[in-house]
Amino acid sequence: MISGGGTGGHIYPAISIAQSLQHMLEEVEILFVGAKGKMEMKKVPEAGFPIVGLWISGLQRSLTIKNLLFPVKVIASLIKAGSLLRNFKPDAVIGVGGYASGPLLFVASSKGVPTIIQEQNSYAGLTNKWLAGKVNKICVAYPEMERYFPAEKLVLAGNPVRKDLMDVHSKRKEAFEFFKLDPKKQTMLIIGGSLGARTINESIKAGVDQLVSQNIQVIWQTGEYYYESIKNEIPAHDNVRIMPFLKEMVYGYAAADLVISRAGALSIAELMLTAKASILVPSPNVAEDHQTKNAMALVKNDAAVLVKDNESKEKLVVEAIKLLADEKKRKELSAKILGMAQKDASDNIAKEIIELIK
């Protein structure tokens, strides 16, 4: 059983681990457990796996009526988790972070089922910190995570990414045909995470005319929430492609000379693997500012450029144009970020799971 979700940063690593298990085991049955109403309930079946939803959500930071339901949801989810475990009888349970992984792994570990958690960020999430003392192994993507977890349980495995990103460079011609863009022009990919990023969207919206005037092509994933308003406000340009969500992300990376992105763990892992020069705009609206910590792990190695969220409107487009004009700098960023990549992360984690079952 594999549990977790809420954002693409949890869902896609989980799917990648499942695919590695399918590849490495002759016979394997996998059941995902997510949170009802969250994006995993759609994305996991699209990837070909069954999923069951728990009635669970996080505590709100402000005092709301939703927080009064939180204890009820936890109890209901623990009961449902127990029922799922009795019926499915898993050989192992894997948690990738997110609301649903808490109840499932808590019940699984209390019943003696082998359990592993995977932490994507350089700052440990609340659910994973809470589970750390109960699980058998903890797979991490960054060194020095003994600050948060028992050192004897740690395995430095990397962050799993989708398999189709392993060779984006061979898909460059296909990518330009897919987007109907000119392969001779410089191209910028904008991704704000699976849910979109308001500040990045507003910054690009304010500077899109500058980009067009410089003959720069733009592939812009806005996120579902922001798509309609941006589509209505931005006049049609031959050089600009606007979409709510880019399912064919392999083409986005293949076409891109520069990527503008939030600094979620999954996005960074994908940038490493695809060796893309990037400008990172960490979200300030995450626990313990962990996206800035993720970004700084690259910036201090000269592997990415950082623009602060509160400076984005003034600096982001200016920095992007400057970087696109500096091929030498982009090549340096590309080489440095590729040097940080961990290419076999999902296989590494799958091996740990199989070893634990044995």
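The values are calculated or read from the model by the stated rules, or taken from the named source; none is laboratory data. No experiment lies behind these values; they were computed from the predicted model shown. Please note: Cβ atoms are built from the backbone with ideal geometry, for glycine as well, and neighbour counts cover all protein chains shown. To get the accessible areas, we keep the full protein, side chains included, count just its heavy atoms, and leave off ligands, DNA and RNA. Shrake-Rupley method; radii C 1.70, N 1.55, O 1.52, S 1.80 Å.
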So, V218, is that one among the β-branched types (V, I, T), open to solvent by 30 Å² or more (accessible area, probe 1.4 Å) and on the phi < 0 side of the Ramachandran plot or not?
no
Assess whether I11 counts as being out of contact with any Gly (no Cβ under 9 Å at 6 or more places or on another chain) and open to solvent by less than 10 Å² (accessible area, probe 1.4 Å).
no
Going by the structure shown, is S283 of a type outside the set (V, I, T) and either modelled with pLDDT of 95 or more or assigned to a helix (DSSP H, G or I) (or both)?
no
Conditions (1) part of a loop (DSSP other than H, G, I, E, B); (2) small (G, A, S); (3) buried (at least 24 other Cβ atoms within 10 Å of the Cβ) -> G196 fails only (3)
Picking from V240, V212, V208, the residue that is over 15 Å from S278 (Cβ atoms), more than 25 Å from the chain's Cα centre (by Cα) and buried (at least 18 other Cβ atoms within 10 Å of the Cβ) would be V208
For region 99-145, which residues satisfy the criterion of being more than 29 Å from A295 (Cα to Cα), surrounded by fewer than 24 Cβ atoms within 10 Å (Cβ to Cβ) and hydroxyl-bearing (S, T, Y)?
S109, S110
Within region 30-39, track down each residue that is out of contact with any Phe, Trp or Tyr (no Cβ under 8 Å at 6 or more places or on another chain) and either crowded, with 22+ Cβ neighbours inside 10 Å or closer than 21 Å to K163 by Cβ (or both).
V33, G34, M39
Report, ordered by the first and then the second residue, all pairs with beta carbons closer than 6 Å, sequence separation of six or more or different chains, a first member in region 280-309 that is touching a residue at least 24 places away in the same chain (Cβ under 8 Å), and a second member that is among the basic types (K, R).
S283/R262; N301/K336; D302/K336; A303/K336; V307/K315
Criterion: over 23 Å from K185 (Cα atoms) and of a type in the set (A, V, I, L, M) - qualifying residue of L298, L258:
L298
